[in-house]
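Note sheet for the following structure.
The values are calculated or read from the model by the stated rules, or taken from the named source; none is laboratory data. On a predicted model such as this, the values are computed, not experimentally measured, just so you know. Because the Cβ atoms are built from the backbone with ideal geometry, glycine has one as well, and the counts that use them run over all protein chains shown.
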Ligand code: ASP
């Protein structure tokens, strides 16, 4: 067995958290390759080291004095080093960093130092070899991640290595300058390493015991999701349910490697297993419910539109020309609706309406704002009868008016549009009909 283990910022925020992490790693010798984030928050209004670094760098770029913000960062690491009883010093590293900040080596360089230094600390504490991600995670000259070269380089580098710590979040461009992934990107590094070493599992350790069937802010104590497929996860993540960076799926997916989301503070919990495909029947017909508020429907009416070839294309072209992406397009005989994010649309609404008049000469265009979309996702729906019926009757019983319905052709999800103010009640009603009823 070979595992790649990634630990998030809250798992590494202090010496006591790092001790828990080391215990987890040492309790299973297949946990051979470790990808750390930078130290995160120790308490809710604490500041992540990554954010301290950005602030410090911005101060340097503005020509301000950086002694104070730099000292805050040094203190975070010093506390960790002392708390772990380590006999190492980051003084020389900090001198280089200070110098690079003054020379304005870039915000990516600045942010990456959080993971870099934490990697050095972790490697020293675990007695593992440290591998600078700048040597193995490679971007091309345009700044795009070079997945294939990286894969070869990491595979070669780790081939005969028993253990190693590879910091998350960053890599290097061909000229050696540092480039980071977007925020939360250590998840991606973990996945890249897991693919390269052909790990049996990619364990992503965080501060929750995996994914929940729905948002705990909406439903009290929702049930955990034991197993979910990559595709289901994509659907839920798109609707806002995230436990990790969404791009972290792609590298492991290429090799069919499962991801296990685990909780550093409750290592006894099994967490959520994310897989390509599974025979394991989900406990409930649905795997998860997620949703977002703040959509707007543009309802276009025109008699006989159904016989006008190219009508839909012309309508969507207006949105394209205005740089607005659309979410759904439910249609009737004489009606065509486009659902968009209200925040993207609001500034351009009058231009779009005028554009629609020019493009398709509709009888009317009317707008309906403050809509929410709820995705009910589940691989179990394909085989189950009456899923949509159950959703609709649950919503009817909760006295909720359904504004839109869309079932994806994969039968993996049903999207329901409701008013923003009905969102919570709708999610609860759907959760109850599929989950609570079975408990
Ligand atoms: N430290 C980085 C961030 O805060 C990357 C990560 O933690 O994954 O976004």
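Could you name every one of the helices (runs of 4 or more DSSP H) located completely within segment 133-208 that has at least 2 residues being within 12 Å of the ligand (Cβ to nearest atom)? Quick ask: steps written out before the conclusion?
On the way: elements: 133-136, 147-158, 186-196.
In segment 133-208, 186-196 are the helices (runs of 4 or more DSSP H) which contain 2 or more residues that are within 12 Å of the ligand (Cβ to nearest atom).
Applying the set (1) modelled with pLDDT under 95; (2) under 30 Å from residue 230 (Cα atoms) to residue 305 leaves exactly one unmet item: (2). Among the residues making up segment 236-265, those that are within 18 Å of residue 216 (Cα to Cα) and within 15 Å of the chain's Cα centre (by Cα) are 236, 237, 238, 239, 240, 241, 242, 243, 244, 261.
Scanning segment 3-10 finds no residues that are more than 22 Å from the chain's Cα centre (by Cα) and within 20 Å of residue 168 (Cβ to Cβ).
Within segment 34-48, being modelled with pLDDT of 95 or more and over 12 Å from residue 120 (Cα atoms) holds for 39, 40, 41, 42, 43, 45, 46, 47, 48. Cβ-Cβ distances below 8 Å connect no pair with a first residue in segment 31-55 that is under 19 Å from residue 94 (Cα atoms), a second residue that is modelled with pLDDT under 95 and within 11 Å of the ligand (Cβ to nearest atom), and a separation of six or more residues or different chains.
Would you say residue 138 is buried (at least 20 other Cβ atoms within 10 Å of the Cβ) and more than 25 Å from residue 10 (Cβ to Cβ)?
Numbers: buried (at least 20 other Cβ atoms within 10 Å of the Cβ): yes; more than 25 Å from residue 10 (Cβ to Cβ): yes.
Yes, satisfied.
Among (1) without any contact (Cβ under 8 Å) to a residue 24 or more places away in the chain; (2) farther than 28 Å from residue 40 by Cβ, there is one condition residue 155 misses while meeting the rest; what is its number? Of everything listed in (1) without any contact (Cβ under 8 Å) to a residue 24 or more places away in the chain; (2) farther than 28 Å from residue 40 by Cβ, residue 155 misses just condition (1).
Residues checked against (1) modelled with pLDDT of 95 or more; (2) surrounded by 19 or more Cβ atoms within 10 Å (Cβ to Cβ):
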{"residue": "60", "(1), (2)": "yes, yes"}
{"residue": "97", "(1), (2)": "yes, yes"}
{"residue": "116", "(1), (2)": "yes, yes"}
{"residue": "148", "(1), (2)": "yes, no"}
{"residue": "160", "(1), (2)": "no, no"}
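For residue 239, state whether it is within 16 Å of the ligand (Cβ to nearest atom) and at pLDDT below 95. Considered against the rule, which asks whether it is within 16 Å of the ligand (Cβ to nearest atom) and at pLDDT below 95, residue 239 comes out as no.
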